[in-house]
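The values are calculated or read from the model by the stated rules, or taken from the named source; none is laboratory data. This one's a predicted model, so the numbers in the text were calculated from it and none came from an experiment. A quick note on method: Cβ atoms are made from the backbone with ideal geometry, for glycine too, and the neighbour counts reach across all protein chains shown. What goes into the accessible areas is simple: the full protein's heavy atoms, side chains included, and nothing from ligands, DNA or RNA. Shrake-Rupley method; radii C 1.70, N 1.55, O 1.52, S 1.80 Å.
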Amino acid sequence: MAPIEIPDIYRKFRLLIEYSHASGWDAIADHFGAAVGTVKGWGQGNDAQLRDRLPPRHLDKFVDLIARALPETFDADRIREIVFGPALLLEQVLRARSPAELEQLLNDEADRGRIRLVRKPDRPGLIERESSAPERPVHLVPLGAAFRLECDAPFPVRHVVALQQAQRLWGFVPAEINPGQRRILLPGFGDDGAPDYMSEREQAGLHRFIVLQTRDAVPVAIEASDRPEFALDYAALAGILGFYRGQPAAARHLYLIELMIGAADDDD
């Protein structure tokens, strides 16, 4: 049978990798039981075939690969529309999934009980104060006040990704692990080896801190941008969510805490 023409095969594979629905070219090739060069050749073309041509025996696997990245509500006709449509259609769906999928993930898995806020003493000699009352889901922190976050992991911690959301802005937060105590600390440790503090001096309002504990290390593309000043767009956020969802359920954990920054301090 003649190869099947599918637009933008190469770009569609790249999108699946960029949004972490596939961990890389090796994973895609393994899905088809083919070599990486063969899979790339379907999209780029070579001496033996035109570009954007898929062997008929691989069509079902290609449809399945795309379907895994789409919302579960998409029926077979909608899936095939994206399979046989331009890569732009797939990219639009992947970009649109991020905010809604995050909220669903938080509803399903967010653990608010194992993450706590620790405020820095206002004056030398005062003990640290922790705001951990379960009946108060949003913690109040004055603008500019120093604080840190701690997570008590239910099982040993191997890898962590920490995110901060302020309105529509997203970014990474430094996080370090204290393996002996199964603790995750944001923003980590200071030069003296003691837990460090952070503060928000500009963005008043509701801030959400999300900590993702995973079995595997984050993909290189995510790790390379893991710095405080890096602003996440929805494509990057989708990549992180896709990576997290790909972790075994028994080897991942999600922590969530909400801080109202800039409000009056009523902890006293």
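Convex hull over the alpha-carbon atoms of region 50-105: what's its volume per residue in Å³?
On the way: hull volume 4.6 nm³, N = 56.
So the per-residue hull volume is 82 Å³.
Once fully extended, how much extra length lies between Ala251 and Glu176, figured as 0.36 nm per residue of separation less the alpha-carbon to alpha-carbon distance?
Values: separation 75, 0.36 × 75 = 27.00 nm, distance 1.80 nm.
Extra length available between Ala251 and Glu176 comes to 25.2 nm.
Using the heavy atoms of the protein chains alone and a 1.4 angstrom probe, what is the accessible area of region 4-96 per residue in square angstrom?
Values: 4840 Å² over 93 residues.
With all protein chains present, region 4-96 gives 52 Å² per residue.
What are the residues whose amide H is under 5 Å from the amide H of Asp196, where those residues sit 5 or more places off or on another chain and H is modelled from the backbone?
For Asp196, whose amide H was placed from the backbone, the distant partners under 5 Å are Gly188, Phe189, Gly190.
Filter the GluC sites (Glu not before Pro) in region 158-214 down to the DSSP loop ones having no more than 15 other Cβ atoms within 10 Å, then list what survives. Please list the in-between numbers first.
Details: sites: Glu176, Glu200, Glu202; in loops: Glu200, Glu202.
Hits after loop and neighbour filter: Glu202.
Evaluate the distance, in nm, between pseudo-label points positioned 7 Å from the Cα of Arg51 and of Asp26 along their respective Cα→Cβ axes.
2.7
Note down the Stokes-Einstein diffusion coefficient of region 4-96 in µm²/s, whole number, using a Kirkwood radius over alpha carbon pairs, 25 °C, and 0.890 mPa s. All intermediate terms of the calculation are to be shown ahead of the outcome.
On the way: Rh = 13.2 Å.
After rounding, the answer is 186 µm²/s.
Taking the Cα centre as origin and putting +1 on Lys and Arg beta-carbons and -1 on Asp and Glu beta-carbons, what dipole magnitude results for region 4-96, to the nearest 20 debye? Could you put the intermediate results ahead of the total?
Values: 12 positive and 14 negative charges, 33 e Å.
Roughly 160 debye, rounded to the nearest 20.
Give the carbon-plus-sulfur fraction of the accessible surface of region 4-96 in %, rounded to a whole number; probe 1.4 Å, heavy atoms of protein chains only. Walk me through the numbers on the way to the answer.
On the way: 2300 of 4840 Å².
Carbon with sulfur: 48 percent of the solvent-accessible area.
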